[in-house]
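Below is one structure, written out as structure tokens; the observations come after it.
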Amino acid sequence: MTDRTPEPGSARQERQPVTPTEAAANPNGAFDAFNPPQQELIDDCVHCGFCLPSCPTYELWGEEMDSPRGRIHLMESGLDGEPLSGSMVEHFDNCLGCMACVTACPSGVQYGSLINRTRAQVERNHRREPGQRWLRRLIFGLFPYKRRLSALRLPLALYQRLRIDALLRRSGVFAKLPAHLRAMESLVPPVRRASRLPTRVPAKGRRRAVVGMLTGCVQHAFFPDVNNATARVLAAEGCEVVIPEKQGCCGALSEHSGREREATEFAKRTVEAFESAGVDYVVINSAGCGSTLKEYPRLLADEPRYAAAAERLSARVRDVAELLVELGPSARLNPLNLTIAYHDACHLSHGQGIRAQPRELLRGVPGLELREINRGEICCGSAGVYNLLQPKAAAELGDMKARNVRETGADLLVTANPGCSMQIRTALRREGTDLPIAHTVQILDAAVSGNSAESLLNR
């Protein structure tokens with residue numbers, strides 16, 4: 001894969017200036033004239049407050065401006081001429097973009113569209129302090145690039161096996177690192193070996209569909225066993241799996257952080273990779289990636305060469321649980337005597353409305369007991385790279401989620417997003433609990449393959 005996208009840390013990506021005509025359209029307000037938050041969507045909000053109990057930051061601080069309706073009020077103030085102050089930006093940055101408010105809203109307010117447009121405005125029109133600019137250059141110069149992430153596997157594996165982390169903590173050096181770097185180090189999952197997937201995995205038995213598979217960035221580098229399990233389960237269910245070699249980052253992290261131009265470039269490359277793959281569906285096993293691919297028609301609406309292809313691709317995109325339920329299970333499932341807790345990833349449950357399908361698949365495994373997590377709709381604090389940019393708030397939310405997970409008494413936690421897996425694992429370990437975590441497809445893979453429950457617990 002060639003990293004052809006402009007370097008994320010460059011001035012071009014860090015601040016995206018608008019034309020003088022665009023700037024003059026609203027010279028004193030917070031936003032320029034290119035895709036500001038839509039007034040008609042703002043008007044949908046009646047400030048009823050149904051969103052408040054579902055909002056993670058309102059849960060933490062009880063601050064009106066850190067609630068969805070408070071941020072919508074700030075957006076309207078910006079459209080009315082209020083300048084883009086540091087305080088206003090802080091409230092927008094505090095939002096996790098979890099979309100729990102969208103699920104809770106009785107008026108159908110499209111908060112996701114509003115916050116995405118607002119974040120793009122912030123990235124173009126607000127000058128951050130040097131430390132924040134450096135941190136964003138590091139994050140977006142690393143995480144969207146598979147080769148750069150994969151290059152870290154060996155040094156991280158040595159770091160873990162030689163217990164250098166424990167040495168740094170005993171010496172006191174770790175405590176002196178910036179909070180953002182401490183958060184990044186603590187989130188690294190165990191680096192394990194996994195076989196490399198071929199570009200095509202044949203269906204077992206009668207072929208029911210040809211499926212393209214997005215392997216992701218963090219998923220590809222640090223959770224390759226999830227990708228392998230996904231391919232095996234799809235093949236067992238009669239799907240021929242095609243894995244385009246030229247695929248790269250889908251743009252999810254960039255798009256959720258307001259880096260609109262960067263996200264658009266990644267989206268174009270993803271469309272190109274799958275447009276010629278000749279597949280019936282494009283399957284995603286990472287909630288944030290799936291949510292973004294389904295938004296490609298909006299993201300590429302102003303790109304004449306890609307708009308129609310984005311529509312075609314989006315119509316074929318399915319989360320893996322969504323597709324398996326849509327096709328109907330056919331593979332024989334062996335018993336797994338396990339008690340599991342299922343965590344709804346925000347971009348799966350709130351972003352895509354996929355809640356019933358994973359539960360239906362898990363309940364179909366003989367011997368499996370599924371337990372719900374108290375206040376499961378509240379975000380775990382991962383939210384893309386939120387836990388790196390806002391480590392204190394993310395840790396508080398992670399600790400809350402960890403307590404609720406532990407109270408289920410489950411043997412194993414199941415979720416469908418790599419960020420959630422890393423975030424909750426770290427929070428559980430912080431409180432002294434070493435609970436194994438698996439993806440939905442890994443449970444199904446064990447049931448299809450006849451592996452024991454212990455194979456999932458000894459991870």
* Report the one residue of Y296, I42, A331 whose Cα lies farthest in the direction of the positive end of the charge dipole of the chain (charges on C-beta: Lys and Arg +1, Asp and Glu -1; origin at the Cα centre). => A331
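Under a Cβ-only charge scheme (Lys and Arg +1, Asp and Glu -1), can you give me the dipole magnitude of the range 81-139 about the Cα centre, in debye to the nearest 20?
Working: 8 positive and 5 negative charges, 64 e Å.
The calculated dipole for the range 81-139 is roughly 300 debye.
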* Amide H contacts under 5 Å for I354, placed H, 5+ residues apart -> S349
* **Share of carbon and sulfur in the accessible heavy-atom surface of the range 189-292 [1.4 Å probe, %]** => 47
* Asked: About its Cα centre, what dipole magnitude does the chain give when the only charges are +1 on Lys and Arg Cβ and -1 on Asp and Glu Cβ, stated in debye to the nearest 20?
  -> 2100
* When Lys and Arg each count +1 and Asp and Glu each count -1, what net charge do the other residues less than 13 Å away from E369, Cβ to Cβ, add up to? -> +1
* Asked: Efficiency by 1/(1 + (r/R0)^6): what FRET value for V173 and R430, r their Cβ-Cβ distance, R0 = 25 Å, to the nearest 0.05?
  -> 0.85
* Over the range 119-232: Kirkwood hydrodynamic radius from C-alpha pairwise inverse distances, Å -> 17.4
* Structure fact -> Spelling it out for L338: with amide H atoms placed in the peptide plane at 1.01 Å from N, the residues 5 or more places away or on another chain with amide H under 5 Å from its amide H are L368, E369
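Only helical DSSP H runs with n ≥ 4 go in: add -39500 (n - 2.57) per run for the chain, normalise by residue count and round the 222 nm mean residue ellipticity to 500 deg cm²/dmol. It would help to have the intermediate numbers written out before the result.
On the way: 28 runs with 231 residues, N = 459.
For the chain, the value works out to -13500 deg cm²/dmol.
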* Would you mind checking which residues have amide H under 5 Å from C249's amide H? H placed 1.01 Å from N; only 5 or more apart, or other chain. => K146
* At a temperature of 10 °C and a viscosity of 1.306 mPa s, determine how fast the range 238-355 diffuses translationally according to Stokes-Einstein, using the Kirkwood radius over alpha-carbon pairs as Rh; express D in µm²/s, rounded to the nearest whole number. => 103
* Taking all protein chains as present, what is the carbon and sulfur share of the accessible area of the range 317-388, in % to the nearest whole number, probe 1.4 Å? -> 45
* To do: List the relative contact order of the chain as a percent without decimals, with contacts defined as Cα pairs under 8 Å and 6+ residues apart.
  => 15
* When the Cα centres of the range 408-456 and the range 203-261 are compared, how far apart do they sit, in Å? -> 20
* Label-zone membership for the range 198-224, site R316, 7 angstrom Cα→C-beta point, backbone N under 12 Å -> 210-214
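Keeping all protein chains in place and using 1.4 angstrom, which order do D411, D80, D165, D66 fall into by accessible surface area, from largest down? Show your work: numbers first, answer last.
Values: D411 65, D80 120, D165 40, D66 10 Å².
Output order, biggest surface exposure first: D80, D411, D165, D66.
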* Where Rh is the Kirkwood radius over the Cα pairs of the chain, the temperature 25 °C and the viscosity 0.890 mPa s, what D in µm²/s does Stokes-Einstein return? -> 108
* Asked: For helix 440-449, what angle does its Cα long axis make with the longest principal axis of the chain, in degrees from 0 to 90 and rounded to 10?
  -> 10
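Need one number: % antiparallel among DSSP beta bridges in the chain, to the nearest 5.
Values: 2 of 22 bridges.
Of all bridge pairs located within the chain, approximately 10 percent are antiparallel.
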* Which Cα, out of F174, G212, L158, lies furthest along the positive dipole direction of the chain (beta carbon charges, K/R +1, D/E -1)? -> L158
* Normalised alpha carbon radius of gyration of the range 323-459 [divisor 2.2 N^0.38 Å] -> 1.03
* Asked: Picking from C239, V271, I72, whose Cα lies most toward the positive end of the charge dipole for the chain (charges on Cβ: Lys, Arg +1; Asp, Glu -1)?
  -> C239
* For the Cα atoms of the chain, what angle does the longest principal axis make with the long axis of helix 224-236, in degrees from 0 to 90, nearest 10? -> 60
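Considering only protein heavy atoms and a 1.4 Å probe, what is the carbon-and-sulfur percentage of the accessible area of the range 404-444? Kindly include the intermediate steps, with their values, before the conclusion.
On the way: 530 of 1230 Å².
The C+S portion of the solvent-accessible surface of the range 404-444 is 43 percent.
Hey, what's the range 322-451 come to in accessible area per residue, 1.4 Å probe, Å²? Walk me through the numbers on the way to the answer.
On the way: 4580 Å² over 130 residues.
Per residue, the range 322-451 has 35 Å² of solvent-accessible surface.
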* To do: Using the structure shown, list the pairs from K176/K392; K146/K294; K246/K268; K246/K294; K146/K246; K204/K294 with a Cα-Cα distance above 23 Å, or answer none.
  => K204/K294
* **Using alpha-carbon coordinates, inclination of helix 68-79 to the longest axis of the chain, degrees** => 40
* Asked: Among 316-329, 377-390, how do they line up from the highest to the lowest mean number of other beta-carbon atoms within 10 Å?
  -> 377-390, 316-329
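Per residue, how large is the accessible surface of the range 201-263? Use a 1.4 angstrom probe and give square angstrom. Show your work: numbers first, answer last.
Working: 1900 Å² over 63 residues.
Result: 30 Å² of accessible area for each residue.
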* Any idea how far apart E245 and E129 come out in nm if each label point goes 7 Å out from Cα toward Cβ? -> 4.8
* Give or take rounding to whole Å, what are the principal axis extents of the alpha carbon atoms in the range 193-252, in descending order? -> 33, 24, 17
* Among 67-74, 392-399, how do they line up from the highest to the lowest mean number of other beta-carbon atoms within 10 Å? -> 67-74, 392-399
* Asked: In percent, how large is the relative contact order of the range 290-389, given Cα pairs closer than 8 Å and 6 or more residues apart?
  -> 27
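Report the GluC sites (Glu not before Pro) located in the range 161-254 that are in a DSSP loop and have at most 11 other Cβ atoms inside 10 Å of their Cβ, or state none. Could you put the intermediate results ahead of the total?
Numbers: sites: E185, E237, E240, E245; in loops: E237, E245.
Sites meeting the loop and neighbour criteria: E245.
The values are calculated or read from the model by the stated rules, or taken from the named source; none is laboratory data. For clarity, every value in this text was computed on a predicted model and none was experimentally measured. All Cβ positions, even for glycine, are placed from backbone atoms using ideal geometry, and neighbour counts span all protein chains on display. The accessibility values were calculated without ligands, DNA or RNA, using every heavy atom of the protein model including side chains. Shrake-Rupley method; radii C 1.70, N 1.55, O 1.52, S 1.80 Å.
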